[in-house]
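Below you'll find the structure, written out as structure tokens, and then a few comments.
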């Protein structure tokens, strides 16, 4: 997982990257891993991270979204509108 990056090309030349990154906790110090989140545009970079609790929440959100989208698309009927 260390060398895998999930990239999303977005509108207006934005790019989003997700990857596993190293970080640490203090008191007591210990090394941990999180999901690194980076947004790029025109040479500017905005960094963020998702910890384990946030990752659980994101997985639930994405799972719920997939179910909703799959059900909606399966029930979507063709129309004559164009």
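The computed Cα extents along the principal axes in Å for the structure shown corresponds, within (1) 63, 32, 20; (2) 36, 36, 19; (3) 49, 38, 19, to (1). Put in order of Cβ neighbour count within 10 Å, fewest first, the listed residues 44, 81 become 81, 44. Look at the Cα gyration tensor of the stretch 33-79: its axes a ≥ b ≥ c give a/c of at least 1.5 with a/b at or below b/c, and that counts as oblate.
Separation of the stretch 32-82 and the stretch 1-27 by C-alpha centroid, Å? Going from one Cα centre to the other spans 13 Å. Per residue, the chain reaches -10500 deg cm²/dmol at 222 nm when only DSSP H runs of four or more residues are counted, each adding -39500 (n - 2.57).
How high is the relative contact order of the chain, in percent, counting Cα pairs under 8 Å that sit 6 or more residues apart?
Details: 96 pairs, mean separation 14.4, N = 82.
Across the chain, relative contact order equals 18 percent.
Relative to the longest principal axis of the Cα atoms of the chain, the long axis of helix 52-75 makes an angle of roughly 10 degrees.
Bear in mind these aren't lab numbers, they're just calculated from the coordinates by the rules spelled out. Computed from a predicted model, the values in this text were never measured in an experiment. Counting neighbours? That spans all protein chains shown, and the Cβs are built from the backbone with ideal geometry, glycine included.
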